[in-house]
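Asks: I'd like to ask you about the structure that follows.
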Amino acid sequence: MNKLVLVGVVLLLLSVNPITEELEFRVALVYMLSHYSLVSSGFLIGFALLRSSWYNLIVGAVPIAFWHLPFPFALGASFLLFRVMTDVSLFLGGLLVGSTIHSVPQWVKITLLSLYMLGDTVLSVIFIIADPLYSQKDFHFLLYPPSSLPIVGVAMILVMNVVVAIVVYLSFKSILRWESED
């Protein structure tokens, strides 16, 4: 089995299991880390196994962005039906985005990374300042108090830095391999 597929399956299993799913209702950090895991698993599997047109990049990015808006975020964190919809669409969104990476030019890849970093940074700051927009203060059915959000924001920044470090490493590795062939 391809290493990327194996890592994708492991990430998927870490996210979609009874223990994680139960924790996600009560612990905002687990909920957000699960989002990273689901999108990443789909991305890795899509990148390794599929090839699709550039427009699937947009189709895949829509559910990823949608579930991070305040109301959909709260619904997915609070109700099982919405959690299932969130999990499936985040995984499939990642799958579609990953499947397009082979067919888009370099500037699109850089733009995609930049937009991810921008969105992640904005959401991280919202969490770090404990804005009630993503808490039980604004959505009474949500179990996350504002005080639980700053650690989520910090974790998001750490994950984003790991993603950027991996991208930089792979880029340099590719450049060095390309130059050694000349």
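Asks: Going through the stretch 1-20 one residue at a time, which ones are within 30 Å of PHE139 (Cα to Cα) and crowded, with 17+ Cβ neighbours inside 10 Å?
Replies: LEU11, LEU12, SER15, VAL16, THR20
Asks: State all residues of the stretch 40-56 that are outside any loop (DSSP other than H, G, I, E, B) and either surrounded by 24 or more Cβ atoms within 10 Å (Cβ to Cβ) or not small (Gly, Ala, Ser) (or both); if no residue qualifies, say none.
Replies: Answer for the stretch 40-56, where residues must be outside any loop (DSSP other than H, G, I, E, B) and either surrounded by 24 or more Cβ atoms within 10 Å (Cβ to Cβ) or not small (Gly, Ala, Ser) (or both): SER41, GLY42, PHE43, LEU44, ILE45, GLY46, PHE47, LEU49, TYR55, ASN56.
Asks: Now for a different question. Among the residues of the stretch 140-149, is any modelled with pLDDT of 95 or more, more than 15 Å from PRO70 (Cβ to Cβ), in a helix (DSSP H, G or I) and not small (Gly, Ala, Ser)?
Replies: No, the stretch 140-149 has no match at all.
Asks: Scan the stretch 150-165 and give yes if some residue there is surrounded by 13 or more Cβ atoms within 10 Å (Cβ to Cβ) and part of a loop (DSSP other than H, G, I, E, B), otherwise no.
Replies: Looking through the stretch 150-165, none of the residues is surrounded by 13 or more Cβ atoms within 10 Å (Cβ to Cβ) and part of a loop (DSSP other than H, G, I, E, B).
Asks: Can you pull out the residues in the stretch 59-105 that are without any contact (Cβ under 8 Å) to a residue 12 or more places away in the chain and part of a loop (DSSP other than H, G, I, E, B)?
Replies: Of everything in the stretch 59-105, those that are without any contact (Cβ under 8 Å) to a residue 12 or more places away in the chain and part of a loop (DSSP other than H, G, I, E, B) turn out to be LEU69, PRO105.
The values are calculated or read from the model by the stated rules, or taken from the named source; none is laboratory data. Note that the structure is a prediction, hence the values are computed from the model and not measured. Virtual Cβ from ideal backbone geometry, glycine too; neighbours counted across all protein chains shown.
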